[in-house]
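This report refers to the structure that appears directly beneath it.
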């Protein structure tokens with residue numbers, strides 16, 4: 001596996017953009033690391049990095065090589081996972097990219113349930129949205145992504161989808177709290193807390209507001225749904241969320257009321273992985289588990 005160690009060095013340098021920073025992370029000297037890189041470049045007959053005053057950057061050859069490197073790591077992880085399964089003990093490391101919505105409650109429950117059955121499997125979860133999550137699949141930095149936004153990249157395979165109706169979250173004594181359904185026009189004159197523009201929830205809201213030409217009073221924007229939900233405990237304002245992230249509202253003195261689909265169309269949560277990639281056993285089985293969990297929770301709203 002010494003060859004893989006050298007490939008890992010290249011990967012860390014590419015991520016850090018600096019030989020010195022990568023050496024610190026790898027706990028070796030920058031001189032020794034530079035020699036390893038030069039040896040690989042000499043073997044390939046082509047430099048992989050542009051040397052810049054501020055650090056290093058992959059050149060075209062380097063971009064091609066790093067994709068090969070990461071593919072090798074992914075393939076090794078898949079084989080190691082299969083070998084572990086032969087022993088009857090599932091092992092592996094599952095990397096997930098997800099928006100804040102699924103990270104709120106659904107994924108903590110799903111991961112803990114899976115680990116209760118397979119304690120040798122570890123997880124890494126990264127919060128990111130849309131194109132950023134798609135890019136993490138392509139770079140093999142994530143095995144699975146949960147994306148609440150349209151899928152734009154051809155390299156992404158959608159394993160399952162679940163429709164999610166937008167909900168308006170508010171204190172239980174808010175003037176709108178007795179409505180069975182909220183219309184866009186009902187938002188006029190009320191204080192709103194909105195997620196930032198990279199969120200799929202915000203994109204759906206913006207589309208609905210634009211269609212209905214409704215003027216709104218935005219008092220707060222945040223990329224933290226936890227912050228916004230807690231904020232509603234202290235100011236009589238409105239927030240927005242999808243069902244997969246709605247939790248503990250009654251205990252916080254909050255209620256959630258659906259927005260009329262005629263005003264704000266339901267969005268789609270996509271469960272994805274890289275097209276053509278055979279996932280390691282641990283990741284593939286976890287993917288199956290969360291699809292089953294989505295079906296248990298949302299029934300016919302799930303499409304596979």
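The values are calculated or read from the model by the stated rules, or taken from the named source; none is laboratory data. On a predicted model such as this, the values are computed, not experimentally measured, just so you know. Glycine gets a Cβ as well: all are built from the backbone with ideal geometry, and neighbour counts include every protein chain shown.
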Open item on the list: Just checking, does segment 276-298 include any residue being under 26 Å from residue 115 (Cβ atoms), outside any helix (DSSP H, G or I) and not assigned by TED's automatic domain parsing to the domain that holds residue 138?
Closed with: no
Screening 204, 210 for residues that are closer than 17 Å to residue 221 by Cα and either at pLDDT below 95 or in contact with a strand residue (DSSP E or B) (Cβ under 6 Å, 6 or more places away or on another chain) (or both) leaves only 204
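Looking at this structure, is residue 132 out of contact with any strand residue (DSSP E or B) (no Cβ under 6 Å at 6 or more places or on another chain), modelled with pLDDT of 95 or more and either within 30 Å of residue 196 (Cβ to Cβ) or in the same structural domain as residue 246 (by TED's automatic domain parsing) (or both)?
It is false that residue 132 is out of contact with any strand residue (DSSP E or B) (no Cβ under 6 Å at 6 or more places or on another chain), modelled with pLDDT of 95 or more and either within 30 Å of residue 196 (Cβ to Cβ) or in the same structural domain as residue 246 (by TED's automatic domain parsing) (or both).
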Restricted to segment 1-53 and to residues being touching a residue at least 24 places away in the same chain (Cβ under 8 Å) and in a loop (DSSP other than H, G, I, E, B), the residue farthest from residue 71 (Cα to Cα) is 18
Filter segment 103-121 for residues that are surrounded by 14 or more Cβ atoms within 10 Å (Cβ to Cβ) and under 18 Å from the mean Cα position of the chain (by Cα); the one that is nearest to residue 81 (Cα to Cα) is 111
Residues in segment 186-199 that are more than 15 Å from residue 239 (Cβ to Cβ) and in contact (Cβ under 8 Å) with a residue 40 or more places away in the chain total 1
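Results for (1) under 30 Å from residue 299 (Cβ atoms); (2) outside the structural domain of residue 228 (by TED's automatic domain parsing); (3) touching a strand residue (DSSP E or B) at 6+ places or on another chain (Cβ under 9 Å), shown as yes or no for each residue.
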position: 158; (1), (2), (3): yes, yes, yes
position: 172; (1), (2), (3): yes, no, yes
position: 179; (1), (2), (3): yes, no, yes
position: 185; (1), (2), (3): no, no, no
position: 200; (1), (2), (3): yes, no, yes
